[in-house]
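Inspection log for the structure reproduced underneath, given as structure tokens.
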Amino acid sequence: MSLNPVEFEDKLQVNYEKIKKGTVSVFVHIFLIAVSLSCLFPLWWAFASSLKTQQTIFNDLSLFPKAPHWENYVEAWTKADFGMYFSNSLIYTVTVVIGVILIASMAAYAFSRLQFPGKNVLFLILISTMMVPIPGSIIPLYVLLNKLHLVNTRLGYILPQINAGLALGIFLLKTFFDDLPKELEDSARIDGCGRFRVYWHIALPLARPAIAVLAIFNILAVWNEYLLAMLVLNSKNLMPLQRGLMVFQGAHVTQYPLLMAGIVITVLPVLVVYLMLQKHIIKGITAGAVKG
Amino acid sequence: MNLQKFRNIAGNYIFIIPAFLLFFTFSLYPFFKVFQLSVTDWDGISPYMNYVGLENFKDLFMDNTVFWFSMKNAFFVTFLALVVQNFLALFLAILCDREIKGGNVYRVIFYLPPVLSGIVVGLIWNWIYDGNYGLLNHFLTFIGLGDFARSWLSDPKSALIAVSVIHMWKGFGWGFVILLAGLQSIPRDLYEAARVDGASSWIVFKKITAPLMIPVFILVSILTILGTMQLFDIIIATTGGGPGYHTEVPMTRMLASMIGNSKFGYASAMGVVFGLILLIISMIQIRVSKMMRQV
Amino acid sequence: MRLSYKNFIILFSVLLIVTGCSGGDKKESNTITVWHWMSDREDAFQELAKRYQAETGTPVKFELFAPSESYSQRVKVSAQTSTLPDIYGVLGEKRDFASFIRSGYVADLTPELSKEDSAWKKSFFEKALLINEFLPENEYKVTPGIYGVPLDVMTIQMVYNKNLYKKAGLNPASPPRSWNEFVEHCGKLKDAGIPCFVSGFGEIWLIDAFASNYAMNIMGEKKVFDTYRGTVPYTDPDWVQVLGLFKQMADQKILVDGAVTMVNKTSEQTFANERAAYSFNGSWCVNVYKGMNPGLEYSAMLPPAFTNARSMKVWGGSGSSLVVNSQSPRRDAAIAFLKWMTAEPQQTFLAEQTENLPAVKGSLGKISPILSEFADDVDSTTHPNIYPVHENPSVTEAFDKGIQSILIGEKTPEEVATEVQRLKEKELKKSK
């Protein structure tokens, strides 16, 4: 098979481009892989450590333990009462996330679309004050919860967390609603839909990606929460997952392999949920934050 | 005002009532209580407290050099995070924005550090930075830079930077995801057109990518500033604020006053001042972002 | 489809109501509730609660809050709302304890302890009880009395690795008796390539304990207290000498690299894995080392004295103490339970389960040999909580942070002494 000179030159050109592109992409991948390793390393270390014993964990630094102690996972699960804590954390996470999404999306929709006096001032107060958590405010919060008879109740643990998620939620969703085309809502209104129906049937479904972002933010926050739990709850049977991990990190003795097994157990659900939601996140942040 | 209009506005308020009910109860009430406590000498235990007027604030502004030094540290870490962390996040986002093999995998992996618990992060980095058995020192010796080896967290020259690196490592995943999302929203045909015109990558970035990304940059920087200024868990897990005061930040000072010294009133005053500073920063940012968006 | 919105709201409300109503479990009115912060002792506590119910029929519930910062915050907020449990522990310094007592949250146990010729009182180590005692005319204006009982005893002192000692050609049976000998031994250890001394000096209370040991040794109790009172300045040569010891440690590289910002748990890993020959730590370390390296051959010692003018004293006394809520309707039952908890069989059980020193002398016979070494030094203990005067916490912090600065070679002992004295004078002026 022969090539005429022009074709040959073209092919050469293409090859050169390909090689150049190839070299660049090799370097790009090397860089990306290096960063990836730094992100993967701690998780893998935690996993490898969870298969060692208290005696070997700081001596045997191998990342592939020769005699893996899988029984650590069984021990961690039973010792930490994860069964009970799991269902608690699930209840808290679902309720808080639904609460944040409902309340934040309603407020965000109002701030974006509806007219009422004091709108801008209210929005600014809401956003800015909530972005400034003051550590000392935890005592007045407790006094208040006690007055409301919410200490050692699930509700007393849930409501402050919903409140904590509102600032970012309203901010993000308002930005998103601002960018949505108004035409759909207008036509719905002409069809005789009321405010709530427009919000519920038109605006909210369009905001689904942003809601996914909000969900993943709040799931991570609620799943990892324990300071508030220690303050509001007494009974073991109300405590969230993180309380289970505390069994392994005592005031003096830390049982590292069991702690690591516990951490792996608690991290996995978050990762799975993130995997499921991440495609929405990408779209969500795009839609919420970027003005076309 | 006619009834119809009144009912209309009242109906609009219903949308924000749940949010404001929660907000007034769980944010505003504690906030004002803290304000009240900041003018007392309360120890956090006794039911009695003395009103001390602005004494706490006076001491904080006139006499507490350590607090302002810690504020300086926080600003330093924030500045580093704004530049380095966000630059890294942007760079990675640009790389992953191309049609690259395994883009999905990278996207998930870069989000791992934010998910990991503080305990693992503390243990790992304590080990990396260790003076005798640390990975970093081994690596430096291996590549012939053994002279630079040190105990990174307890050397005053490197402690704050070492802590910042941990913080940035843990935080860049957020920025990466947001920035990548922003980049992906830019219509591809804009790039095509530019490339047909023979524009270099740099020109494409400067003329197309950057201007469209301004709102995203602002969002990321707001999150970075608020997140970094309130940093303390990593510090507690690695240096405890030391050596000396080299890695103290306002949050660790507040906790030291509140828990360590039982000066609750004083800690509240710190909280109020710190809160106001963050508030001003947030306000300025929201202003700036509005102005930039209008441009 | 309008219904779906309503359904959603209804579902959410139902969830809220359900979760709201299912509060804490219903408590029987005679259940004694105990709060504690040591989640690593949870199993032992639960077992004791079970035994107590079997013996007496009174149910006991242990509720644990960890980490200890969360616990101490929890106790403080509960005090504000009169929701403290029947029995709890106060974490913190004597000043905090005094504030709890003055506010009426703590029952005076003196009458109970003195009953039957002080039988209960006499069963304890004297030092352990002292920490919970307020003497007449104390600086906090608390009614004199004993307000809590110890569950265990601890000392904070030195340990050394016998194996590494042998490796360096030193005699593992004769640890250094003086500071100079200590420095000399460190030199030999270092020549053999063995890092010398590790401690969690990133937690400043450990620095404080170490420095305080030597301050007491160098200048004696009276002069230390006079410094706290403000009549002796920190610029006094004796204090500069105390700070100078840290300078010497820095110059001779006696401390393991990084110890100055190390948390105590890391320091424990270091010693347990034979990466340092000495450590300064509390007696709870026995349990920690046992878990990480059961074969570790080590021994306890007092920190080597700088001068022979006075015998060396270390911090020690009660490890964790419990108090009874004075407002509790189950006050007497709570006291009865505490008596049971501190009786010999239960103390022996706790000591065995948690590898800690028991609070009562009767249980001493059954502890491990290494733990007995710590027990032997209980007589040489003192503690800030039994001092008649106390330093202002800001001054203490500046002093300890100053020592960190000396250890990293940033400041000289003289500079730190001057700075601390300046702050001391400011605080003195304020309190007047």
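All of the numbers you see were taken from the coordinates with simple rules; none came from a lab. What you are looking at is a predicted structure, and each value in this text was computed from that prediction instead of being measured. Every residue, glycine among them, receives a Cβ derived from its backbone with ideal geometry; neighbour counts consider all protein chains shown.
Starting from the Cα of A:HIS29, move 7 Å in the Cα-to-Cβ direction to define the label point; list residues of segment B:180-198 whose amide nitrogen is under 18 Å from there.
In segment B:180-198, the label zone of A:HIS29 (backbone N under 18 Å from the point 7 Å along Cα→Cβ) covers no residue.
Give the order of A:LYS182, B:LYS72, C:LYS121 when sorted by the count of other beta carbons within 10 angstrom, beginning with the fewest.
Ascending Cβ contact count within 10 Å gives the list A:LYS182, B:LYS72, C:LYS121.
So what is the 222 nm mean residue ellipticity for the protein assembly as shown from helices alone, if each DSSP H run of at least 4 adds -39500 (n - 2.57) and you divide by all residues, rounding to the nearest 500 deg cm²/dmol?
On the way: 44 runs with 621 residues, N = 1019.
Here the helix-only value at 222 nm equals -19500 deg cm²/dmol.
Out of A:ALA215, A:ALA80, A:ALA34, any idea which swings most in a Gaussian network model of chain A, alpha carbons joined below 10 Å?
The residue that fluctuates most here is A:ALA34.
Place the peptides C:305-317, A:267-279 in order of packing, highest mean first, counting for every residue the other Cβ atoms within 10 Å and averaging per peptide.
Going from most to least packed, we get C:305-317, A:267-279.
Is there a pair in C:LYS188/C:LYS313; A:LYS52/B:LYS157; B:LYS263/C:LYS141 whose C-alpha atoms are over 30 Å apart, and which pairs would that be?
Beyond 30 Å: A:LYS52/B:LYS157.
Across peptide C:84-97, what mean number of C-beta atoms from other chains lies inside 10 Å of a residue's C-beta?
Other-chain Cβ atoms within 10 Å of each residue's Cβ, averaged: 2.
Which shape class, rounded, prolate or oblate, goes with chain A when its Cα gyration tensor gives a ≥ b ≥ c as root eigenvalues, a/c under 1.5 marks rounded, and past that a/b bigger than b/c marks prolate?
In terms of gyration-tensor shape, oblate.
Taking chain C as the reference, fit the longest principal axis to its C-alpha atoms, fit the long axis of helix C:344-354 to the helix C-alpha atoms, and give the angle between the two in degrees, 0 to 90, nearest 10.
Relative to chain C, helix C:344-354 is tipped by roughly 70 degrees.
Rounded, prolate or oblate, given the Cα gyration tensor of segment B:38-294, with a/c below 1.5 counting as rounded?
The shape class here is oblate.
Percent relative contact order of chain B, based on C-alpha pairs within less than 8 angstrom and at least six residues apart?
This gives 30 percent for chain B.
Counting only Cα, what are the radius of gyration and maximum Cα-Cα distance Dmax of chain C, in Å?
Taking only Cα atoms of chain C, I get Rg and Dmax of 24.4, 90 Å.
Based on other C-beta atoms within 10 Å, arrange C:ARG275, A:ARG189 from fewest to most. Walk me through the intermediate numbers first.
Details: C:ARG275 18, A:ARG189 15.
So the ranking, lowest neighbour count to highest, is A:ARG189, C:ARG275.
Over the whole of A:211-217, what's the average partner chain Cβ count within 10 Å per residue? Rounded to a whole number, please.
That works out to 1 on average.
Out of all DSSP beta bridges with both ends in the protein assembly as shown, state the antiparallel percent to the nearest 5.
Around 70 percent antiparallel, to the nearest 5.
Please arrange A:SER112, C:SER380 by counting, for each residue, the other beta carbons lying within 10 Å of its beta carbon, fewest first.
Working: A:SER112 19, C:SER380 15.
Ordered from fewest to most neighbouring Cβ atoms within 10 Å, A:SER112, C:SER380 come out as C:SER380, A:SER112.
Compute the angle between helix C:2-21 and the longest alpha-carbon principal axis of chain C, please, reported from 0 to 90 degrees and rounded to the nearest 10.
70
Among bridges DSSP assigns within chain C, what percent are antiparallel (round to 5)?
The answer is about 65 percent antiparallel.
What is the mean number of Cβ atoms from other protein chains located within 10 Å of the Cβ atom of each residue in peptide C:65-74, rounded to a whole number?
Counting other chains' Cβ atoms within 10 Å and averaging over C:65-74 gives 6.
Report the dimensions of the protein assembly as shown along its three principal axes from the alpha-carbon atoms, largest first, rounded to Å.
Principal axes ranked by extent give 99, 82, 58 Å for the Cα atoms.
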